[in-house]
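A quick write-up on the structure given underneath.
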Amino acid sequence: MNPPKQHGREGSAVPIDIQGVQKWRKLFILAGLFALLAWTPLVKARPEFEHPVEHLGLIAIMICIFGRAWCSLYIGGRKKQEIVSNGPYSLCRNPLYVFSFIGAFGVGAMSGSLTIGLVFALACWGVFRAVVEREERFLAGAFGATYERYRLRTPRFLPDLRLWRDEAELTIRPAFFLRTLRDGLVFLLALPLFELLEGLQQFGWFSVIFQLP
């Protein structure tokens, strides 16, 4: 989950460099995206898998967009004041990232290759795992025993449906919800991007080295 800006253990203030964490997270994502896209033009999906996998990728991207927006309804109004542990945050500690993994798979799957989709998802997991470790250190310093109890009972990434709990009312920040929804729509750019790469392959701009399922 996203770290708060400032709180303290036993009433003392512990500064949280949330902007620094977000900056590194974006840099990691951009670097990983460019690295992945650099080799995808050299790969072609096997024809019998191409269209079904593309459809699966589009479904995954839509799940990502709506899932991230759903998470923002819970985290948007309170992320700097308390540990949010209801709704999707009762199932795992980082549901926004989990939906991003699904979206990363969808982006890769738009190439028509299930293998590329899985590589994208694993790469996204690797990036966010490093970022989450930093965020968790910040949260432990900010909320102390409260966060430790939440950490012990709630998985980091893999949702546990048995832990579900909700609340009757939510404080919602519309701007945060709309920004999260807008950011999620960026995943849909994978559709024209891979169509472009496929067209460039057909025109001979890239030499296909191997096919992947």
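Summary table
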item: Matching entry among 119, 107 (being assigned to a helix (DSSP H, G or I) and under 14 Å from the mean Cα position of the chain (by Cα)); result: 107
item: Selection count, segment 135-150, where residues are open to solvent by 30 Å² or more (accessible area, probe 1.4 Å) and within 15 Å of residue 89 (Cα to Cα); result: 3
item: Some residue of segment 52-74 being open to solvent by less than 20 Å² (accessible area, probe 1.4 Å) and in a loop (DSSP other than H, G, I, E, B); result: no
item: Residue in segment 76-95 that is surrounded by fewer than 18 Cβ atoms within 10 Å (Cβ to Cβ) and modelled with pLDDT of 90 or more present; result: yes
item: Positions within segment 159-213 being small (Gly, Ala, Ser), at pLDDT 70 or above and under 25 Å from residue 62 (Cα atoms), in sequence order; result: 175, 184, 190
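The values are calculated or read from the model by the stated rules, or taken from the named source; none is laboratory data. Because the structure is predicted, anything quoted here is derived from the model rather than measured. Counting neighbours? That spans all protein chains shown, and the Cβs are built from the backbone with ideal geometry, glycine included. We work out accessible area using only protein heavy atoms, side chains counted, and drop any ligands, DNA or RNA first. Shrake-Rupley method; radii C 1.70, N 1.55, O 1.52, S 1.80 Å.
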